[in-house]
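Single-structure report; data block below.
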Amino acid sequence: MSQLALPLQLADHAVFASFLDDGNETLVASLQDIANGRDGHGCWLWGGSSSGKTHLLQAVCEAAGDRAAYVPLSMIADAGPGMLEGLASRELVCIDDIDVIAGEPGWELALFDLCNQLLDVAGQLIVSAAAAPRECRIELADLQSRFSKLPVFQLNPLDDDARVAALQLRSRHRGLELPDETAGYLLKRSRRDMTSLYEVLDKLDKEALRAKRRLTIPFVRDVLESDTGRH
């Protein structure tokens, strides 16, 4: 899929097939509809840190292909609002971490212009944030009005059973088997947010491939203790 004129790439794991939709089935189904070009203007997606917002926006773009553009504001905000120019040529624009530019007049005006351009060509806009639109500190009233018309979805956090299932889903997507007991061990020995858990899983994947080992508890314990010993 095409990107902005920056070295941005979608993560290879950020697809719908590797996202556990437990408790978020309606949201994921709606995003799949948008990715497939169904009618609608898009949506506003919000949730806490490490809840999966970036994964889902990138999954939408992966599914939509060249019709879509992924815009990670946390990465490009310093480059200025000119980065949004020309995006309305895409049918679907996914803007990640809009909180980053809330209250910035130049950015807010540029986003309002983009909203209008997409509206003129029946394009779609997906926005992610840490909070609902009314709590996002957008100061431009016209932009607030535009965002208020988008369907709003909150990403529900995963409980411990769902965290285990999410780790196992990601493992299967990588061609790994993560037994229940090993997944439970990881949950007890690592930070519990999904970003941290996935980072540990990435490391275990590399070490298991290098050592030609399965993800048993003793192997995982050795890798985690070795990593701790280097810090």
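Within the stretch 68-101, the set of residues being surrounded by fewer than 18 Cβ atoms within 10 Å (Cβ to Cβ), among the small types (Gly, Ala, Ser) and touching a residue at least 24 places away in the same chain (Cβ under 8 Å) comprises SER74, ALA77, ALA79, GLY80, GLY82.
LEU150 fulfils the conditions (1) touching a residue at least 40 places away in the same chain (Cβ under 8 Å); (2) over 22 Å from the mean Cα position of the chain (by Cα) except for a single criterion, (2).
Among the residues making up the stretch 190-204, a single one is closer than 16 Å to ASP161 by Cβ and basic (Lys, Arg): ARG192.
Only a single criterion out of (1) touching a strand residue (DSSP E or B) at 6+ places or on another chain (Cβ under 8 Å); (2) among the hydrophobic types (A, V, I, L, M, F, W, C); (3) closer than 23 Å to PHE16 by Cβ is not satisfied by LEU114, namely (3). When you look at ARG210, is it surrounded by fewer than 17 Cβ atoms within 10 Å (Cβ to Cβ) and not assigned by TED's automatic domain parsing to the domain that holds LEU224, yes or no? Answer is no for this residue. Counting just the residues of the stretch 102-139 that are of a type in the set (S, T, N, Q) and free of Cβ contacts under 8 Å to residues at least 40 places away in the same chain, which one comes out surrounded by the most Cβ atoms within 10 Å (Cβ to Cβ)? The extreme case among them is GLN117.
Quick grid of which residues meet (1) among the small types (Gly, Ala, Ser); (2) over 30 Å from ALA29 (Cα atoms); (3) surrounded by 19 or more Cβ atoms within 10 Å (Cβ to Cβ):
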| residue | (1), (2), (3) |
| --- | --- |
| ALA141 | yes, yes, no |
| PRO157 | no, no, no |
| LYS188 | no, yes, no |
| ILE217 | no, yes, no |
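Can you confirm whether GLY65 is in contact (Cβ under 8 Å) with a residue 24 or more places away in the chain and either under 15 Å from the mean Cα position of the chain (by Cα) or over 22 Å from SER171 (Cβ atoms) (or both)?
Against the criterion (in contact (Cβ under 8 Å) with a residue 24 or more places away in the chain and either under 15 Å from the mean Cα position of the chain (by Cα) or over 22 Å from SER171 (Cβ atoms) (or both)), GLY65 qualifies.
Applying the condition of being touching an Asp or Glu at 6+ places or on another chain (Cβ under 6 Å) and part of a helix (DSSP H, G or I) to the stretch 46-65 and asking which residue is nearest to THR26 (Cα to Cα) yields LEU57.
The values are calculated or read from the model by the stated rules, or taken from the named source; none is laboratory data. Note that the structure is a prediction, hence the values are computed from the model and not measured. A quick note on method: Cβ atoms are made from the backbone with ideal geometry, for glycine too, and the neighbour counts reach across all protein chains shown.
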